[in-house]
Structures are given as C-alpha cells and as structure tokens.
Amino acid sequence: MEQVKLLKFINKVSNTKMGSKKGVGYDDPRFALLEKVVTEEMAEVALGLEYRDHKTAEEIAKIVNVDVKRTGELLWDLAMAGVASLKKENGTDTYWYETWVPGIFEMVVNNKENVKKYPQIAKSFDDYGLLRNPIAAGNFPVGKGLMRVIPIESSIDGNTRSASYEEISLYLNENTLFSVSDCSCRTSREEMGEGCGHLKEDMCIQLGDAAEYYIRTGRGREISREEAYTIIEKAEGDGLMHQIPNTEGPGHTHAICNCCGCSCYAIRAASMYHNPDMVRSNYIAKVEKEKCVGCGECVEVCPTNALKLGQKLCTKEEIEIAVRTEFPNDTEWGSDKWNPEYRNNRSESLDSGTSPCKTECPAHISIPAYIKLASQGRYNEALELIKKDNPFPAVCGRVCPALCEDACTRGDLDEAIAIDEIKKFVAEQDLNTENRYIPKIKNDFDKRIAVIGGGPSGLACAYYLAVEGYKVTVFEKEKMLGGMLTFGIPNFRLEKEVINAEIDVLKDLGVIFQTGVEIGKDITVPELRESGYNAFYIAIGAQKGRSLGLENEDSENIITGVDFLRDCALKNTKELTGDIVIIGGGNVAIDVARTAARYGASTINMYSLEARDKMPALQEEIHEALEENIIINNQYGPTRFISVDGKVTGVEFKKCLSIFDALGKFNPVFDDNDTKIVNADHVLIAVGQQINFASLLDGLDVKLNNNNTICVDSFTLQSNEKDIFAGGDVVTGPKYAIDAIALGKEASISIHRFVQRGQSLTHGRNRKDYKALDKNNVDYSGYDHVEREYSKVDQIKNLKGSFDDPRGIFTIEQVLKETERCLGCGITIVDEFLCVGCGACTTRCKFDAISLEREYDEVGVDFPKLKPLIIKHALKRKVKIAFKNVTSKFSKRS
C-alpha cells in the first residue's frame, strides 16, 4: 500500500512539492529511512509538525483534526522513531521536526531496535549522503556546511585569532544537561558490515534539549559535564576529531561528535568527494620544517589523508610535487574528481618517498622520532613511541637484523646511524627502572582471544589485544615462553632475563599464560570455541629443524641445529668434544657454531653452499664467528654422511658450482672432481626450519600452502576458517623476529575487527604504504663525515662456558653523539586543500612541528538563512567556471 501521507510529510521536511520534478519519491533514501517505522496514521499527525516550532499535542491535534489523546500517543511514537523532537516546557511536552541531516537521519538510526530490525534504515543514511554530496560539491561557502569541524581545543590554545565558538569548552560550559549516545554514522556502517574498527559506543555527546530527547527516548544515557570532558579526552587520545551540527548560528549547537575519517558521513564530503569546504574549520595545518622529523605520527591520524610524508634533504635534481589547479568552487566537479575508494587507498608518503629507515622497518616504527626524543633525553616518550609498533625493543635491540640501518640515508655518506643501539639504550632505561612503562588499557571488552604459540608473533598479538582491552590467553606447549627467542637464539646474543622482562609487561596487562599445553593434544581449537573463545591466532613458528635426506643421516651425533639450540636452552646439552661440523650458512648456523664453541668444542668447521659474500647470515654475525675462530668453508655442500657402527665419523663434501637453476629453483650442482671427506664426531645441520603442526589442525579445515605454511589473506591474516588468524613463521616461513612481531600487531587489528559486530577487516585500515626516497638523488655536499659510535664489547678470554652477552650498551654521551648524526630525511607535507583543520595531527607531534593557523573567518548560520547564501555562492561559482573555461580556450588558441 502506498504511503501517501508519509511521502507528503517527507516532501514537507524537504521543502519540495510532492510529484514535482524536484519532489521526493518512493525511491528516495528519505522514504526508505521512514518507510518501516512511520505508519500513515503517524504521518498524518507528523504533518502537523513544523521546523523548530515547538507545539503541544493539543495544538497539533487541532491542526490535524485528530483526538488529543491519540495525537499525543502518535507524537510519542514519532519521537521514539526519530522523526519528531520533543522537550518538556512548563510541564508539557512540545514537538517539532529538525532538518534531515543533521537531525532526523541520525535520530532514526539511533533507535537501536529499529536499525537492527530494518537494514534499509542504515543503508538509507549512507545512500542519502551519496545522493546529496555530488549536488553540494562547490556550492556551499566555507563555514556554512551542515556539519562543521571544531578544532581540538589544545591545537588552537594561544592563537590570538581564535574565537570562542571554535572551542569545545564553550558548548560544554554553557549547557547543564548532557547525554552520550552511539555514533549514528558508525551504527549505519556497522549494520551494513562496513565498520572501520572505530566502535560506535559512547561517541556522540548531546547538549541541552537534544540531551533531554536522547535520554527520554533511550537513545543515550545522561552524563555529567566532567564525563563529557573525559569522553572528549579519550576520543582525542584515540586519534579522533570533533564536529558539531552547524545549523543554529555561531556559538550554538546541540551535539559534539567524535569522528573518524573512515566512517563519518560528513567527513566523506572531503575524503571521497574532495569537497572539504563543506566541513572545514577556519584553520589549516602548517608544518615548521626545522622542527619536523618526518616520523609520520601525524599522518596516521589525519582523517582526510591531507598529510603525507615527503623528504627535506637537498637533492641533485629537483623533486616535483603536483600542485592543485582545480577546485570545487571554480571547476565542474564530477565523478572524475572523486575518490570512491578513499577508505582503502590511503597512502602514507608521497611518490617521491620519505625516510628509508621507517619505510624499510617491517613494523614501520617511527624511528626518526625516537632518535630525536633520545637526543633530548626524553627516554620514556621514546620507549612509548617504539612500543606503539614493537612491544619488545630490548629484545630487538639485540637481535634485530637492522634493515633500517641497511636503508639509512647516512650510510651513503659514511656509515649508517646506529639505530639498533639507540633503541637498545632506550629500552635499557626502562628495564632498569622500578616503575616500568605499562601502556594504559583502552577498553574493557568481554571477548576472549586464544593465542597459540608464545613466540614473538604470538606475544606481540597478545600485547596489542590486551592493550585494546581483550581477555587474552597464550597457550604454549613448552614450559618456557619466548618461542625461538628463547629456544633458537643463544644466551650470549639474547639473555633470557631480557626476554622474561619484556614478557613481564604482558603479565601486568592481564595476559594469561598456559605453558606446557599443546593445542590439538591437550585441548583442541573446537573445544576452546565451546569454552567461549571468540577468535584464535596461530603463531607456533617454524620450530623444527630441516633435514637433508642424505645417506646415514639418522646416525648417532647428527642432529639439527634447532634441536641443539633448544637442548642448550633447556640445559640438556653435555660438553662437546672432537671435530664439530656445522652445515649451513645462515644466522642459525652461526649461532649453532658459536654455541658449540661454548660447550667445549675446539675445532669447528662450518660448510656453506654460498660464497662468503652471498651467505644469508648477517655480515656482523659472520665477523663475530670468525673472531671466535670458527672456520667457514664456502661453496661446499654435503653429499653423504659416513657412519661406523651407527655413529657418524665423517661427511663427504663436494664443491658447489651453482645453487639455483635457470628458473630460480633450489637445485645445487656439485663438482664431482672436487670432493673431500671431513672427519666429524658431531654434525649439526642448520639448513632451515620447518613447521610442525602435530595435531594442532586436526578437526579443522585450515588450508595450507604447498610449502606447508598456513594460507591466509596477506593483509588481514585471516585463514579460510574465519575465526582463525595466523602469522609469523607459520605463514611466512622462517624470518626475523621483527617480521613476526609486525604480523602479530596486524593480526591484533584484524581480530579486534573480527570479534566486533559489523566491522570490516579492511575499511579505513592503515596499509602502511610507505615509499623510500631516492638516495641516489640526495646531495651530500653540505655534510661532514662523522664517525659512527660503537658499543663496547667485552673481550672473552675463554669461550667455554661463557654465555653472557659481551656486547655493551651506549653511554649517554654516545647516544648524544650518534643521534646528532641523523640527517633528518623526512618531513610531513600538508595538502592544504584537503586539510579540514581538525587539529588531530597536533596531538601526535612530540616536537611542536605542526600547528593550526587561522585561514578563514567564517561562521555558521541558522538553517533558514542558509539557502540564500548557497544560491549566491553557487551563482558566483558558475561565473568562475565560465570565466575559467573561456580563459582556458583562449590560452589553447594562443
């Protein structure tokens, strides 16, 4: 049945004529919004409502000619539905209607029961924005949009040109009644399964009359002014920004919204339609070049992707940065100017690139910032910044491959910055303090997460989930935590006390550890599901040594290097005597050889297929092995083991001519004419690791790749069993701890989104799309050569039994000298057109390098006064477009 009265009311609110060309029809999002929640009887009474003209039920009953009692009942139904606003005045309820946005759409969506019952309500909110934004593009003057960004107050403190109506405190201090509700935009996104991970609860603050309405209709709960300030503070801490409804004139509003750029329908005007004038404040972000270190912290929270990382070093050839020549107010603004994929295609740096250290770090830690903080003695802040992306800086300061240093721009001038040593120093300050840094837990969720595997990836995932507020249990089959950090890295490189100290922080965060529990054997994933776990992260690593498959490999005294290191960690290894042969050329092989030396071995020969400069081991570790008299034999591979009475006595090696075939497949070719037999009392094979699932996956449908790793989405780390995520070596194969840690954090983000209703695993997510600057284009002529600092290394007189780490830690003086060597490659670049002046960036900068400057002096107007201003502006715009087109044609003819 057609709802004629409802459509008539919709046209009344829209100020359009029903049935006319501009009239609202049944296919309009406004009709879809109200279709299921407003009956014809309700619509008949609604026709007696007026825009912001408060009327009693008795007054409206006379207008619509309906019984007063029934009119009152229907008006209450309209208020509950979100169509009518209400306020108690002189003991009697009065009713009116608001604009569509901000107003009716938000109030209808905020009816929690209806929005879940009727999916079209959520979709209609989205569709209305898609309908109206193309029309609005370029036609609204600055400061006159229906919603308006209000700067974070701290970002304009001290600005002599700031006005009171631009300060959140004005609106909080002039009202006495407050409520807080779910964010209507995020509610809509959630119902459509398109949430961005920013949750809807306790986000929007209503003031005065609006608060009364929200409290009475159950949309929000009453809060105090102090609670409102706390909500504002938390939102800012979470990287959100503020907006207010802008239809009541300067200094007046009925709500404060705490918004994110990835779900807010108002901010979409800037991000998707590139029409920031619709929502912008009077301010624009500016960067002070000398202060900015290009860390990217501000870039991460910019709601419109107006900030990107660039470079500030002098270059041989000038870098061209595209300059905007087209704007909505002087150009026809069609779909070719939009960015419909704005929620999924954010980029963190310009195409010309930025600091290589941050770019190449697998965790993309803000290295430039913590180097600067360390130079200023701000060690706690440096540690906090590191732990935002890597919860184990003390560990990584000792065993990280330092890809950041390999990429360091300074390395092309003299030597790379000692980034790892600086990080190690910062972490050491925390280890040696009585009150260690424990991050604040953000929420208190009732969801339970099981992490399977207590290595670096599992622990990192547990850390970030715990900080987010989840109940996390780590299941580890060994009696000790740490995974390959504990069992695969010898104590003289990574002392167990350091690992345990880092893990202690997780215990303080409430993470529960169940050691000696093997999932699949002692308890299964299905059983954990039944006991209430909502998601799983598999991070068991590649903990099994790879064998060679050669003759007599099962002989006594032949074991894998991984098993040898595990036995050493568990103190199950006895003294080694005789000739020791290590097979392999990677970091594990080096660790095995150096560990063997500490167990009494006097003659240790390593055999590597690769040439010395092609060995997969880090050059630093090769150097340390040579210093400890390890003999490295390059370009030799084993072809068989020699055994007498079941015990190994030797290994046959042949010269390796090539390792890979023409297709890049591992297929070594040996020279039969260059063969030697090497005596061996013990053989330790360190040629790689493999994954041992045992019975973990029994009863599960988790797909595996051809190389026996778990098949997951490369971005979200979700497996084909939707509640199971995986990362670390079990996905990538054997890699470094920092790679595993980075994936652990990404998994925590995915799991957070997965267990929360209606959240997309990808929308609005930081893809960490960094590009490194071209070091070949850097002009080094203005820089002096400055010698790199090195930490002191204790001389070991007797290797046997010496398992302490001989490497020292920088002194404060060394930190100051080394941090001064940083070239400061990066800088934040502001696209002033896209910047909406929210000030979120200023809350993240540690160096006061970015600030808001007043660019406009525009104020909002009362809604009835808006239309004439839009018409005037639109006419001026048409003139500008016409003039621009004529000028362009003339220029082409010339």
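Some observations on this one:
- Lone qualifier among 212, 166, 153 - being acidic (Asp, Glu) and touching a helix residue (DSSP H, G or I) at 6+ places or on another chain (Cβ under 8 Å): 153
- One residue from 499, 441, 503, 452 being open to solvent by 30 Å² or more (accessible area, probe 1.4 Å) and under 26 Å from the mean Cα position of the chain (by Cα): 441
- Test result for residue 254, open to solvent by 20 Å² or more (accessible area, probe 1.4 Å), at positive phi and more than 18 Å from the chain's Cα centre (by Cα): no
- Taking the numbered list (1) hydrophobic (A, V, I, L, M, F, W, C); (2) within 23 Å of the chain's Cα centre (by Cα); (3) outside any strand (DSSP E or B) in turn, residue 319 passes all entries but (2).
- Subset tally (residues that are surrounded by fewer than 24 Cβ atoms within 10 Å (Cβ to Cβ) and closer than 18 Å to residue 734 by Cβ) for region 575-595: 2
- Within region 75-102, the residues that satisfy the criterion of being touching a residue at least 60 places away in the same chain (Cβ under 8 Å), part of a helix (DSSP H, G or I) and open to solvent by less than 30 Å² (accessible area, probe 1.4 Å) are 79, 100, 102.
- Those residues of region 348-374 which are in a loop (DSSP other than H, G, I, E, B) and of a type outside the set (Val, Ile, Thr), in sequence order: 348, 350, 351, 352, 353, 355, 361, 362, 363, 364, 366
- Qualifying residues in region 797-839 (those that are modelled with pLDDT under 95 and of a type in the set (Asp, Glu)) - the one least open to solvent (accessible area, probe 1.4 Å): 805
- Filtering 2, 58 for residues that are in a helix (DSSP H, G or I) and surrounded by fewer than 19 Cβ atoms within 10 Å (Cβ to Cβ) leaves a single hit, 58.
- Yes/no for residue 207 being under 15 Å from residue 173 (Cα atoms), open to solvent by less than 10 Å² (accessible area, probe 1.4 Å) and of a type outside the set (S, T, N, Q): yes
- Subset tally (residues that are crowded, with 21+ Cβ neighbours inside 10 Å, assigned to a loop (DSSP other than H, G, I, E, B) and touching a strand residue (DSSP E or B) at 6+ places or on another chain (Cβ under 6 Å)) for region 211-251: 3
- Contact map, region 151-162: first residue at negative phi and open to solvent by less than 80 Å² (accessible area, probe 1.4 Å), second residue at pLDDT 80 or above and of a type in the set (Phe, Trp, Tyr), Cβ cut-off under 7 Å, separation 6 or more or different chains; pairs are 151/283; 156/283.
- Condition broken by residue 572, with the remaining ones in (1) buried (at least 18 other Cβ atoms within 10 Å of the Cβ); (2) under 21 Å from residue 803 (Cβ atoms) satisfied: (1)
- For region 21-43, filtering for residues that are within 21 Å of residue 864 (Cβ to Cβ) and part of a loop (DSSP other than H, G, I, E, B) leaves 3.
- Residue 469 being crowded, with 20+ Cβ neighbours inside 10 Å, without any contact (Cβ under 8 Å) to a residue 40 or more places away in the chain and not acidic (Asp, Glu): no
- Qualifying residue in region 423-437 (condition: closer than 24 Å to residue 371 by Cβ and of a type in the set (Val, Ile, Thr)): yes
- Condition check for residue 517: under 30 Å from residue 794 (Cα atoms) and either open to solvent by less than 30 Å² (accessible area, probe 1.4 Å) or aliphatic (A, V, I, L, M) (or both): no
- Filtered residues of region 698-736 (kept if among the charged types (D, E, K, R), over 22 Å from residue 759 (Cβ atoms) and in contact (Cβ under 8 Å) with a residue 24 or more places away in the chain): 698, 729
The values are calculated or read from the model by the stated rules, or taken from the named source; none is laboratory data. None of these values were measured; they are calculated from a predicted model. Note: ideal-geometry Cβ built from the backbone for every residue, glycine included; neighbour counts use all protein chains shown. For accessibility, only protein heavy atoms count, side chains too; no ligands or nucleic acids. Shrake-Rupley method; radii C 1.70, N 1.55, O 1.52, S 1.80 Å.
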